[in-house]
Amino acid sequence: MDEIKLLLRKDLLILKNNIWLILKNPLRLLPYGGMIAYFFFIYTMRVRRGAKEGQTGIENINVEGLPQVDFGLQNVIGGITLLALAFLIFQLFRATKKNVSFFKMADVNLLFTAPVKPENILIYYMGRSIIPSLGGSIIFIIYGASQMADKIELSFMNISFLVLGFALFFFLSSPIRFLVYTLHTKYGVMQYIQTGVIILAVFLGLAILIPGLMAEKFWQGMFAWIASPGFDLFPIVGWSRAMMGYVFHQNLISASAFLGLYLLAYYVILRLVLDTAGYYYEDVLEATKSNEEQVEKVRGKKESSESSMSLNTKKKLVLPDFGVGAKALYWRNYVHASRQDFHPLFGLWSVILAALGIAFAILSNFDWFSHKVLNGYLLMLVGINFFAGIGRGSVGDLKKPYFFLIPASWSSKLWNVIKLDLVQLGLISWVLIIPSVLIAGLDWKLILFYPLCVFLVYIVGLTINMIPKVAFEEGWDQKLIKPLMIGGIFLFGIIPSLVVSVLIFAWTRQFVWMLFAFTIGQTFIAGILVHVLLDVISRLELKEI
């Protein structure tokens with residue numbers, strides 16, 4: 001117990017030092033103050049709207065006087081549950097490939113060599129890992145609750161169960177992954193665990209497919225089981241859903257019982273980990289080092305290892321002559337992509353995403369899905385590509401010496417940095433949209449508008465993240481400027497184009513014209529941001545990074 005108290009005192013001292021650093025520069029608090037002000041503004045607006053409209057309960061009753069199934073609500077609950085299940089399966093699958101680590105390299109170098117019991121270190125750091133989950137949960141729940149302030153009462157108990165249900169779901173996945181790896185280290189059961197994960201994924205897929213096929217329409221029955229109250233007993237996903245559902249059913253005993261199941265599950269996992277982990281130091285070293293490399297990559301301090309997440313690390317490459325000058329940047333990305341996937345231009349994820357879209361197009365002809373499902377999937381991919389552009393904005397090429405020394409124009413260099421991404425986006429967009437349009441009988445103009453829209457949102461996301469990273473060297477400057485920049489672009493660019501697109505859809509009832517309007521708006525935004533980025537790049541100086 002004294003050792004755990006010592007570890008807690010160490011973290012409290014670190015927290016104290018960080019608070020003093022923030023207080024020395026109060027400007028760092030501006031983004032947090034702005035976020036709190038935004039939440040408060042949304043909350044007050046929702047409360048006023050709720051007070052004006054009043055609370056009206058409407059029951060769906062059919063002609064025989066029996067309650068009618070609300071398929072919209074069922075599909076919303078089922079869709080959210082499906083996403084949570086997919087995340088859980090993904091975490092279990094990752095556990096069979098790579099260990100999870102609760103430590104940093106500083107812990108490895110200092111704590112692991114200290115005269116402290118390994119069990120106490122593991123207990124403390126495993127328990128401490130709930131703090132990031134709680135922090136993210138509080139921010140997400142406060143934002144979501146402020147949006148629904150006119151629908152739910154924001155009491156202490158409601159907020160508590162919402163936060164705990166959300167946080168415990170993400171928190172418990174890490175101890176489970178650690179347990180899987182320790183079981184494999186001691187007993188060599190990884191093959192059995194992988195088989196179990198596959199069987200669980202197939203079972204959950206059948207739990208959606210079979211009720212859907214038995215229903216009159218597939219979309220009416222696909223979530224009939226996983227959205228039912230009985231699914232609350234399903235471990236982790238169902239428990240969190242039942243706890244967060246306290247805001248509606250107000251059953252304190254039920255919500256507390258599921259919280260107790262979480263605590264019991266954590267105790268069992270912790271007990272099993274302590275019994276099987278032994279001297280786990282060597283098991284977590286690789287995962288800790290890999291996590292540290294990823295953090296340094298995001299900060300732009302270190303290039304990621306080419307072997308991480310690569311399918312063909314040792315593959316012998318025979319590549320064509322790409323030429324000289326700025327094309328070397330394209331060649332560099334091409335080589336890296338060749339080692340990451342089975343093909344540099346059209347990889348595994350491209351095949352999966354295109355196949356899903358084509359499957360939705362086929363199902364839309366069998367009265368199981370409407371075209372709305374396919375349209376929604378296309379819009380979801382547009383959003384994914386926007387965030388992919390933001391992630392790609394962390395590329396380190398723009399601050400490397402070779403970027404400055406290549407004898408070519410700035411626009412040519414920037415084009416070759418992102419050329420491979422745009423080629424990949426073009427291929428997956430056309431491979432997805434052309435068969436979908438032909439199979440589902442959609443408007444042929446989508447073949448032109450959809451790939452262009454994907455290009456533009458990717459460029460917008462890329463430039464939003466890249467401009468502050470290139471223009472500002474200090475990390476805190478980037479953190480201060482980026483939220484303001486993103487907020488301004490959303491407020492004066494993306495949101496107006498979305499509003500216009502929705503109005504056009506309401507007027508024409510045509511998805512193609514809605515996408516066309518949104519594409520026009522993104523064209524202006526992307527053009528301005530690319531111009532700003534090129535201007536920023538041209539003003540940079542070669543420095544030692």
Round to the nearest 0.05 the FRET efficiency obtained for Lys445 and Leu21 when R0 = 51 Å and r is the Cβ-Cβ distance.
0.40
Given the Cα-Cα distance of Ile199 and Leu405 and 0.36 nm per residue of separation, how much length would full extension add, in nm?
68.8 nm
Which net charge results when you count Lys and Arg as +1 and Asp and Glu as -1 among the other residues whose beta-carbon is under 14 Å from that of Tyr246?
-1
Please list Glu119, Glu286 from largest to smallest accessible area, probe radius 1.4 Å, with all protein chains kept in place.
Glu286, Glu119
Taking the range 421-474, which chymotrypsin sites (Phe, Trp or Tyr not before Pro) meet the DSSP loop condition and have no more than 14 other C-beta atoms within 10 Å?
Trp444
For the range 95-242, what does the relative contact order come out to in percent, with C-alpha contacts under 8 Å and a separation of six or more?
23 percent
If you take every residue apart from Asp275 with its C-beta less than 14 Å away from the C-beta of Asp275, what net charge results, scoring Lys and Arg +1 and Asp and Glu -1?
+1
Where does the charge balance sit around Ile130 when Lys and Arg score +1, Asp and Glu -1, over other residues with C-beta under 15 Å from its C-beta?
+1
Relative to the present Cα-Cα distance, how much length would full extension add between Leu73 and Lys419 at 0.36 nm per residue of separation?
120.3 nm
Relative packing of 157-167, 263-273, 84-94, which averages over residues the other C-beta atoms within 10 Å, highest first:
157-167, 84-94, 263-273
One finds, for Arg271 and Gln220 with R0 = 35 angstrom and r their Cβ-Cβ distance, a FRET efficiency to the nearest 0.05 of 0.20
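The values are calculated or read from the model by the stated rules, or taken from the named source; none is laboratory data. This structure is a prediction, so every number in the text was calculated from the model and none was measured. When we count neighbours, we look across all protein chains shown, and the Cβ atoms used for this are built from the backbone with ideal geometry, even at glycine. These area figures cover heavy atoms from the full protein model, side chains too; ligands, DNA and RNA do not enter into them. Shrake-Rupley method; radii C 1.70, N 1.55, O 1.52, S 1.80 Å.
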